[in-house]
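One structure, pasted below without further comment.
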Amino acid sequence: MAESNVESGSTADGASTSLSAEEVQPTTSGRGQPLGLVSAVEAGRGKPPLSTYLPILGVIAVSVAVWIAARWAFGRQEQAGLWWVAAFAALAGAAVSVAVRPMMASLCALVQIPVTPTSRPIVPAVATAGLWFGAVMIAGGDAILPAWLTVAALSVWAAWIDHFTLRFPLPLIRAVTAVGLLLGAMAVVVDQDPAAGLRAVVAGAAIFASYLAFAIITRGHPGLADVRLSFILAAAVGWVGWMNVASAVLLPNILAVIGVAVSKVFGGRKVRGVEFGFAPYLVVGTALAIALPAGWWLL
């Protein structure tokens with residue numbers, strides 16, 4: 001498997017760390033408090049109030065609205081109409097991404113993760129727009145669309161935060177997982193497809209277990225936060241098919257290897273050891289595994 005987070009541990013209710021024990025220096029705030037390294041006691045002092053998660057309800061509402069529009073266009077067999085829905089979804093996804101930024105900042109601040117990445121919403125907004133456009137074009141009117149859209153919007157932020165801090169809040173992972181499972185269950189009921197739902201859960205559990213075993217054996221490859229996030233992402237791919245799940249295993253690690261190689265070549269002496277967040281590669285790899293033809297890697 002590709003190199004990922006060297007030292008990783010999870011706190012009870014806070015954040016999962018992904019830092020190199022030998023090389024990463026803690027970042028300090030203006031008040032002299034270390035933001036790069038947080039003890040389990042410090043991170044577990046408070047839990048986010050339920051009101052913190054209210055923006056997620058907005059994400060779900062917009063996702064369902066996009067699905068209803070896509071289902072209408074798909075039912076009328078109007079490809080042009082589906083394109084228009086996908087374009088609208090891209091704009092809505094960008095707006096939703098910006099709208100949940102304060103929630104992400106609050107979750108990061110709660111567990112003393114540097115909130116600087118959340119002040120840069122442009123890249124997450126653009127990435128979310130692209131994922132929402134692609135999800136509409138792939139899923140069409142399928143009831144799994146709201147689950148894909150919501151998980152994409154929240155996971156992109158997790159990847160963005162992880163890219164800068166090598167950590168992201170565990171409450172965010174729990175929220176993504178809970179919402180994804182809830183909307184996935186709705187998809188099973190609406191589309192009357194229990195086989196797809198079962199396949200999604202089994203795929204998520206299998207990849208979660210494999211990543212967890214690997215993390216234990218290698219003592220931190222990947223980080224525990226990445227392991228937790230892998231469940232819902234693998235479940236999203238599992239809805240499509242087992243060949244896509246195989247792609248979801250390969251692609252994140254291939255992308256991570258390429259990313260590390262590029263960083264070492266162009267980063268020079270600034271890149272030492274293994275210091276990078278694996279979540280971005282998980283999210284991108286998952287999206288590609290859904291979008292690419294099943295079994296492309298056999299060609």
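The values are calculated or read from the model by the stated rules, or taken from the named source; none is laboratory data. Predicted, not measured: the structure shown is a model, and the values here were computed from it. Neighbour counts are summed over all protein chains in view; Cβ atoms, including those assigned to glycine, are modelled from backbone coordinates with ideal geometry. Heads up: the accessible areas ignore ligands, DNA and RNA and are worked out on the full protein's heavy atoms, side chains in. Shrake-Rupley method; radii C 1.70, N 1.55, O 1.52, S 1.80 Å.
Among 190-198, 220-228, how do they line up by average Cβ neighbours within 10 Å per residue, starting with the highest?
220-228, 190-198
What is the ratio of the Cα radius of gyration of region 143-221 to 2.2 N^0.38 Å, with N the residue count, to two decimals?
Normalised Rg, Cα atoms only: 1.25.
Here is a further query. Going from most exposed to least, what order do 148, 72, 84, 157 have by accessible area with a 1.4 Å probe?
Ranked from most to least accessible, the order is 84, 72, 148, 157.
Continuing with the same structure: At a 1.4 Å probe, what is the % contribution of carbon and sulfur to the accessible area of region 178-273?
That share works out to 74 percent.
Roughly how many Å is it from the Cα centre of region 183-240 to that of region 139-181, as a whole number?
Value for the Cα centre distance between the two parts: 13 Å.
Quick check: at a probe of 1.4 Å, how many percent of the accessible area of region 90-131 sits on carbon and sulfur atoms?
C and S fraction of accessible area: 75 percent.
Related question: How charged is the neighbourhood of residue 74? Take every other residue with its Cβ under 15 Å from the Cβ of residue 74, and add Lys/Arg as +1 and Asp/Glu as -1.
Spelling it out: positives minus negatives among the neighbours equals -1.
Something else about it: If each residue of separation counts as 0.36 nm, what is the full-extension length gain between residue 122 and residue 178 once their alpha-carbon separation is subtracted?
Roughly 17.5 nm would be gained on extension.
Can you give me the long-range amide H partners of residue 168? Hydrogens built in the peptide plane at 1.01 Å from N, cutoff under 5 Å, separation of 5 or more residues or another chain.
For residue 168, the qualifying residues are 16.
Give the accessible surface of region 55-186 per residue, rounded to a whole number of Å², with probe radius 1.4 Å and ligands, DNA and RNA excluded.
Each residue of region 55-186 exposes 38 Å² on average to a 1.4 Å probe.
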